[in-house]
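Everything below concerns the one structure shown next.
The values are calculated or read from the model by the stated rules, or taken from the named source; none is laboratory data. Nothing here was measured: the structure is a model prediction, and the numbers come from that model. Positions of Cβ are generated from backbone atoms using ideal geometry, with glycine treated the same way; all protein chains shown enter the neighbour counts.
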Amino acid sequence: MKKFRDRLLQKIKCILFDVFGTVVDWRESIASEASLLGKKYKINGNWYEFADKWRNAYNTEIQSVNQGKRNWISVDDIHMERLETLLEEYKFPKLEKEKKISFNQSWHRLKPWPDSVEGLQRLKSKYIIAPLSNGNMSLLTNMGKYSNLPWDAIISAELSTKYKPDPSVYQLGAKLMGCKTSETLMVAAHKFDLIGALNAGLLAAMVIRPKEFGERKADIDNDTRWEYYSKDFNELADQLNCK
């Protein structure tokens, strides 16, 4: 087993990361911003439910793009489409365009999990690291700056005009990092993402985020298909012999 692990460590040249739910706590961040907007307009609501509904639209629309049911659309635009209906559903007054854009950019201001920045810094000390996210380039750039995420580069599915888990997204990520797929480790908190990475020829590391969906069950089960399984980024850094 040790020899296998040593050979595996020698293979890895770069690490790509899912972002929403893996690096940042999108649900708590969005619920918090929605709550503040609700208070401003004296609207009471279940803001975690609001966050879930907003996120679910994203999941539906990226599938439509990958299935060819609609043309390419950025995650920012998907979020804005759903926001328009949510504001009406929760009985907000008609907001000015600038205010809607600012609120939609709550997704650019997602807060990292407590271990994320430190763990990424440790992993960065040994490997080239970058997000491989369905979020658009401007969203990922702004989020990285807002949350001090120490990326070496930023890679978005926008560059391939397909969304994960389409194999082309993972393959493009490895190519842009100058690595073979077999030298690239994909880190995510979601099974579908890691299965997509494996199908594209990448290695896979599951980092569990049991609180991502609140009381709803997150992907926390180990799987023999993953090369690594850890409770957070610091444990993954330990497994990869990072300082």
message = Tell me the residue from W72, W107 that is among the aromatic types (F, W, Y) and loosely packed, with under 13 Cβ neighbours inside 10 Å, please.
response = W72
task = Could you grab me the full set of residues in the range 32-48 that are farther than 12 Å from Y90 by Cβ, touching a residue at least 12 places away in the same chain (Cβ under 8 Å) and of a type in the set (A, V, I, L, M)?
result = none
message = Given the condition more than 20 Å from K13 (Cα to Cα), assigned by TED's automatic domain parsing to the domain that holds D18, small (G, A, S) and modelled with pLDDT of 95 or more, answer yes or no: does some residue in the range 187-197 qualify?
response = yes
task = Working only within the range 120-143, note down all residues that are under 12 Å from the mean Cα position of the chain (by Cα) and assigned to a helix (DSSP H, G or I).
result = L139, L140, M143
request  = Residues that are closer than 30 Å to S182 by Cβ, at pLDDT below 95 and not charged (D, E, K, R): find the helices (runs of 4 or more DSSP H) completely inside the range 1-109 holding 1 or more of those.
outcome  = 2-11, 47-66
key: Cβ pairs under 9 Å, 6+ apart, first in the range 120-149 and under 16 Å from I12 (Cα atoms), second charged (D, E, K, R) and modelled with pLDDT under 95   = R122/K243; S125/K243; K126/K243
note = Checked against (1) in contact with a Leu (Cβ under 9 Å, 6 or more places away or on another chain); (2) crowded, with 20+ Cβ neighbours inside 10 Å, A51 satisfies every condition except (1)
query = So is Y58 touching a helix residue (DSSP H, G or I) at 6+ places or on another chain (Cβ under 9 Å) and of a type in the set (F, W, Y) or not?
reply = yes
key: Subset of the range 110-119 [part of a helix (DSSP H, G or I) and touching a residue at least 40 places away in the same chain (Cβ under 8 Å)]   = S116, E118, G119
remark   = A careful count of residues in the range 138-162 that are basic (K, R) and either surrounded by fewer than 16 Cβ atoms within 10 Å (Cβ to Cβ) or at positive phi (or both) gives 1
key: the range 12-48, residues that are among the basic types (K, R) and loosely packed, with under 15 Cβ neighbours inside 10 Å   = K39, K40, K42
